[in-house]
């Protein structure tokens with residue numbers, strides 16, 4: 001909406017022209033401009049200026065250049081049309097009426113209807129496994145009789161991994177049916193009974209709007225009121241259950257708090273300078289490019305490695321050999337509801353078939369370790385962007401959450417379990433991060449105790465807080481590898497770590513669309 005006086009018109013039209021150009025560049029095709037433009041000398045029957053005044057000519061030309069129509073065809077002040085409705089969607093603007101306002105004025109007021117559908121985010125349809133109808137006994141029986149030996153190709157872990165996944169997927173598809181679901185994120189307290197009532201409410205609302213009956217309207221309003229009360233009741237009950245289970249499952253409680261206090265929806269658009277990005281795939285690519293730009297390219301570590309850098313005082317760890325029992329234990333301990341990675345193999349399948357697939361999976365892991373190479377598919381990640389702070393239309397204000405293949409996470413866990421005891425004696429006692437049994441709480445307690453102790457002895461305390469921006473994203477992989485090598489890691493295991501950190505790729509998932517791989 002706008003109003004402009006004579007002396008403001010020239011600057012106003014310049015800014016308006018820039019705004020319309022930005023809207024066009026950003027592919028906004030539904031534009032509405034209305035208000036008192038103070039431009040009376042335009043013949044709106046043909047859209048041309050009556051006088052030779054440059055401002056009127058500029059405005060008339062600007063509307064034509066942007067394919068906009070002026071919809072008001074009656075005087076709004078004296079014999080002049082000052083109030084204008086300019087739009088690129090003239091068929092959506094109806095019932096334009098001029099009338100006198102309550103206050104005494106020489107301007108007519110204007111009302112009109114704007115017939116637009118409210119744009120809703122599309123319901124993303126996904127094909128998933130229907131575990132409830134799965135033949136688990138048949139699947140495990142099939143997996144036990146598959147000739148897994150045919151999967152393995154010597155000195156080619158990528159082919160071995162691909163063959164294994166293909167056979168596993170074929171067995172799954174033969175015993176576990178799939179179903180199509182809509183990605184509707186209802187609150188956990190919205191159960192099937194409540195969904196049924198919500199559908200009844202929508203039916204009643206449509207009926208009341210169609211018939212115009214007072215009785216139908218009252219029935220709809222009463223049903224709506226009772227549903228609101230029921231929703232509040234169920235939400236309160238859900239919160240009480242979470243409160244009671246906070247000790248056993250704190251993650252579930254804090255997820256509820258986060259979802260209740262923060263909008264986790266993906267952005268409707270992203271800004272790239274003056275351009276607005278609306279297309280879902282384009283938004284995903286924009287975010288992926290930003291996440292990828294944070295990382296520095298890694299040089300070839302093995303060629304740079306100084307083999308003399310390994311201290312002779314450290315015990316050497318050059319290889320790891322996994323056992324079937326280790327793999328079974330990790331598989332059975334997986335979270336069955338954990339989101340899967342690019343291979344689309346859910347955790348539920350790995351848990352339910354742990355005993356059947358552990359021998360072949362253990363062999364696959366050991367081939368990767370002996371060759372000192374991580375399959376490319378295990379280094380590919382689906383990225384979920386999460387808004388971190390400030391303006392949600394800027395890609396720089398998002399952080400990536402990586403979803404790797406769950407199978408690769410199983411191998412990572414076993415390697416960690418083998419390596420951590422090896423490094424434990426070298427980790428400083430002041431280290432609290434990423435150490436089992438320690439956390440920010442234990443660190444704060446230690447620091448607080450030291451501060452009170454120091455103050456009690458009459459000394460001063462100075463505290464310096466440091467926060468490294470993108471610390472994990474920008475850490476030098478070569479320095480990490482040299483650190484491992486300097487503390488006794490060598491041979492195929494060091495090569496495995498080098499491969500693990502090299503040639504990683506990612507894509508962003510956003511509203512059912514994927515970005516390109518980077």
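A few notes on this one:
- Spin-label pair residue 194-residue 145: with each label point 7 Å from Cα along the Cα-Cβ axis, the two points sit 4.7 nm from one another.
- Calculated [θ] (222 nm, deg cm²/dmol) that DSSP helices of n ≥ 4 give over the chain, each run adding -39,500 (n - 2.57): -14500 deg cm²/dmol
- Antiparallel bridge percentage (DSSP; both residues within segment 6-114; nearest 5): 100
- Estimated translational diffusion coefficient (Stokes-Einstein, Kirkwood radius over Cα pairs, 37 °C, 0.692 mPa s) of segment 192-260: 233 µm² per second.
- Here each label is just a point 7 Å from Cα along the line to Cβ, and for residue 248 and residue 95 those points are 5.7 nm apart.
- Computed from the Cβ-Cβ distance with R0 of 60 Å, the FRET efficiency linking residue 448 to residue 67 stands at 0.35.
- Sorting the segments 155-167, 375-387 by their mean number of nearby beta carbons within 10 angstrom, highest to lowest, gives 375-387, 155-167.
- Calculated SAXS-style log₁₀ I(q)/I(0) at q = 0.06, 0.12 Å⁻¹ - the chain, Debye, Cα scatterers: -0.52, -1.30
- Cα centroid separation - segment 399-450 against segment 458-495, whole Å: 13
- In the distance distribution for segment 388-469, Cα-Cα pairs more than 15 Å apart total 77 percent.
- Two-site FRET efficiency, residue 517 against residue 426, from Cβ-Cβ distance with R₀ of 56 Å, rounded to 0.05: 0.90
- Per-peptide average of other Cβ atoms within 10 Å, ordering 471-478, 451-458 highest first: 471-478, 451-458
- Subtracting the Cα-Cα distance of residue 232 and residue 274 from 0.36 nm times their residue separation leaves 10.9 nm of extension gain.
- With all pairs of different C-alpha atoms in the average, the Kirkwood value for the hydrodynamic radius of segment 70-154 is 19.9 Å.
- Alpha-carbon centroid distance for the pair segment 351-366 / segment 203-249, whole angstrom: 48
- Projected label points at residue 335 and residue 14, each 7 Å from Cα along the beta carbon direction, are separated by 5.6 nanometres.
- Compared with the direct C-alpha span, the chain from residue 388 to residue 31 gains 125.4 nm at full extension, assuming 0.36 nm per residue.
- Protection proxy ranking of 279-285, 42-48, 347-353 - average other beta-carbon atoms within 10 Å, highest first: 347-353, 279-285, 42-48
- Counting only the Cα atoms, segment 6-114 fills a convex hull of 112 Å³ per residue.
Since every read-out is calculated from the coordinates, none of them should be taken as a lab result. Computed from a predicted model, the values in this text were never measured in an experiment. Cβ coordinates were reconstructed from backbone atoms using ideal geometry, including for glycine residues, and neighbour counts include every protein chain displayed.
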